[in-house]
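Rule-based calculations on the coordinates, nothing more; no lab input. Quick caveat, the model's predicted, so the values are computed rather than measured. Here Cβ is always computed from backbone atoms with ideal geometry, including for glycine, and neighbour counts include all displayed protein chains.
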Amino acid sequence: MKAISIIGSTGSVGVTTLDVVARFPDRFRVVAMAAGRNLELLADQIRRFRPQLVSVETPELARDLADRIRPLEVTILHGNEGAIAVATHPEAKLLMSALVGALGLPPTLAAIKAGKDIAFANKEVLVVAGEVVTRAVREYGVRLLPVDSEHNAVFQCIEGRPPETVKRIILTASGGPFRQWPAERFGEITVKDALNHPTWRMGNKITIDSATLMNKGLEVIEAHWLFGLPPEKIDVVIHPQSVIHSMVELIDGSVIAEMAITDMAIPAAFALAYPDRLPLDHLPPLSLIDCANLSFEQPDLSRFPCLRLAYEALRAGGTMAACLNAANEELVAGFLAGRIRFVDIPKHIEAIMSHHHNAPARTLEDVIGTDGWARAMARELMGAGSAEAQA
Ligand SMILES: NC(=O)c1ccc[n+]([C@@H]2O[C@H](COP(=O)([O-])OP(=O)(O)OC[C@H]3O[C@@H](n4cnc5c(N)ncnc54)[C@H](OP(=O)(O)O)[C@@H]3O)[C@@H](O)[C@H]2O)c1
């Protein structure tokens, strides 16, 4: 019986994780869960999975939750400290890291330092602090098991192979809802258009990132840290059917691909049970007949500059990726709130990156400083943008 903690239990990945846990009650036990504001769902999860400890965003929400779950005896904490307590629960062997954004960094790093294996969904953590996190993973001897479907695919294709036999990895991307839109129409993209992802159902932030292709850019940076490859050995190909989740090319020209239906239960179950495999009999099989036409395209960096900006941040090294990420998080929130246009996201990120004084990213303090600076600058740009829009 493996004891696990989950941060982000009420999110898309968190809910999928709990569904896998519920299907294998003899294998997994949830000891702690952290969420943000969705108390109704969290209260249901507490009744169902009976964790010892939970955490929510604020003290007010913690009090509200206590009223909702009475008479159950559960310790309820809040904020960053609460998420860290959940992530480092003494009984947990593994943490499912499924918060969204850089806020997942402190609890994920704390869990690594407490010796927990990490089922790793929260990609922004590696984008912001790849050097700090991977150093801690080596130092504390824990496993970082990718849940992101592309990295999970690469992990499966690469496993057991000597690093010198890997020529490059090829991350696949669906291309998002605007793959076939002409550049002239990008100015009219609405939030509703952008939330309409063609192949995956996910949280709002990653769905917008998929529409701008920033998600693929973040994944390139994530892949660099997970697999230790330089940017020139990490390629992206648009594959609208999302059947091949990613590929690895070996030095002899063999290309190994991982294929599956688009269901996050597969990579989540892989990471939870590793190195075992779970029978996910409830899922429909992949029908090769139904997906007989697999196609591949070059990403268009002029319509989707976010992917280019992510490569640039990775090549620049240091705190540039933390800058890119923080700017993106703020601007995506601004777009979702109707404060800026879709096309403003890459435009503002590029402006913020061009003003950033890049520096080494060896400590948490290095990246936290950059994160704060880039967020402030993004808010300033959005303020100016809103004022212009109103004028
Ligand atoms: N969704 C996917 O299929 C998928 C695939 C690959 C990778 N990922 C990555 O996995 C991560 C999670 O994605 P997601 O789609 O599951 O996101 P999501 O549905 O938006 O869920 C985010 C989770 O974080 C919690 N949260 C947000 N703000 C918080 C705060 N201030 N304090 C505490 N908790 C907070 C949310 O809680 P409340 O809802 O309770 O507020 C929720 O549990 C992201 O990094 C994403 O890039 C996701």
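Shown is the FRET efficiency for Phe24 and Asp300, computed with R0 = 51 Å from the Cβ-Cβ distance and rounded to the nearest 0.05: 0.75.
Among Ile256, Ile349, Ile84, the largest mean-square fluctuation in a Gaussian network model of the chain, built with springs joining Cα atoms closer than 10 Å, belongs to Ile256. Working from Cα pairs under 8 Å separated by at least six residues, relative contact order for the stretch 34-172 is 16 percent.
For Glu91 and Leu195, a Förster radius of 41 Å and the Cβ-Cβ distance give a FRET efficiency of 0.60, rounded to the nearest 0.05. Among Cys323, Cys157, Cys291, the residue with the largest mean-square fluctuation in a Gaussian network model of the chain, with springs joining Cα atoms closer than 10 Å, is Cys291.
Once backbone amide H atoms are built at 1.01 Å from N, Arg168 has Glu249 as its partners under 5 Å, excluding neighbours fewer than 5 places away on the same chain. Could you check which residue among Ile208, Ile289, Ile368 shows the biggest mean-square fluctuation in a GNM of the chain with a 10 Å Cα cutoff? Its mean-square fluctuation being the largest, the pick is Ile289. Rounded is the label for the chain, because the ratio a/c of its alpha-carbon gyration tensor axes (a ≥ b ≥ c) stays below 1.5.
Approximating the spin labels as points 7 Å out from Cα along Cα→Cβ, the Ala384-to-Thr165 distance works out to 5.3 nm. Normalised by the number of residues in the chain, the average gap of Cα pairs under 8 Å and 6 or more apart makes the relative contact order 15 percent.
Test of understanding: extend the Cα→C-beta vector of Ala3 to 7 Å, then name every residue of the stretch 63-99 with backbone N under 15 Å from that spot. From the stretch 63-99, the list is 75, 85-96. Database remark: amide H of Ala121 closer than 5 angstrom to the amide H of Ser97, Val147 (H placed geometrically; neighbours at sequence offset of 5 or more, or on other chains; Pro and chain starts carry no H). Of the trypsin sites (Lys or Arg not before Pro) in the stretch 167-253, the ones in a loop by DSSP (not H, G, I, E or B) with at most 14 other beta carbons within 10 Å are Arg201.
When the trypsin sites (Lys or Arg not before Pro) in the stretch 1-91 are filtered for DSSP coil states and for at most 16 other beta-carbon atoms within 10 Å of their beta-carbon, the remaining sites are Arg27, Arg37.
The order of Val142, Val125, going from fewest to most other C-beta atoms within 10 Å of their C-beta, is Val142, Val125. A simple spin-label model places pseudo-atoms 7 Å from Cα toward Cβ; at Glu40 and Arg315 they are separated by 4.8 nm.
Phi angles of the stretch 30-45 translate, via the Karplus equation with coefficients 6.51, -1.76, 1.60 and θ = phi - 60°, into HN-Hα couplings of 8, 9, 7, 9, 10, 9, x, 10, 7, 5, 4, 5, 4, 4, 4, 4 Hz per residue; Gly and Pro are given as x. Each residue, Ala376 and Ile251, gets one label point 7 Å from its Cα in the Cβ direction; the gap between the two is 4.9 nm. The helix-only estimate of mean residue ellipticity at 222 nm for the chain, built from DSSP H runs of length n ≥ 4 each weighted as -39500 (n - 2.57), is -14500 deg cm²/dmol after division by the residue total.
Count the net charge of all other residues whose Cβ sits under 14 Å from the Cβ of Arg29, scoring Lys and Arg as +1 and Asp and Glu as -1. Neighbourhood net charge equals +4. Counting neighbouring Cβ atoms within 10 Å and putting the fewest first, the residues Trp225, Trp181 line up as Trp181, Trp225.
Taking amide hydrogens as placed 1.01 Å from N in the peptide plane, the amide H of Ile340 sits under 5 Å from those of Phe335, each at least 5 positions away in sequence or on another chain. A simple rule links phi to the HN-Hα coupling: the Karplus curve 6.51 cos²θ - 1.76 cosθ + 1.60 with θ = phi - 60°, which for the stretch 270-285 gives 4, 5, 5, 9, 3, x, 6, 10, 9, x, 8, 5, 6, 8, x, x Hz, with x for Gly and Pro. Note on the chain: lysine pairs with Cα distance below 26 Å, sequence gap of 8 or more or different chains, count 23. Compute the separation of the alpha-carbon centres of the stretch 273-340 and the stretch 87-145 and state it in Å as a whole number. Taking the Cα centre of each part, the stretch 273-340 and the stretch 87-145 sit 20 Å apart.
Residue by residue, the stretch 342-347 carries 3J(HN,Hα) couplings of 3, 5, 6, 4, x, 4 Hz when phi is fed to the Karplus relation 6.51 cos²θ - 1.76 cosθ + 1.60 (θ = phi - 60°); x denotes Gly or Pro.
Subtracting the Cα-Cα distance of Arg63 and Asp276 from 0.36 nm times their residue separation leaves 72.7 nm of extension gain.
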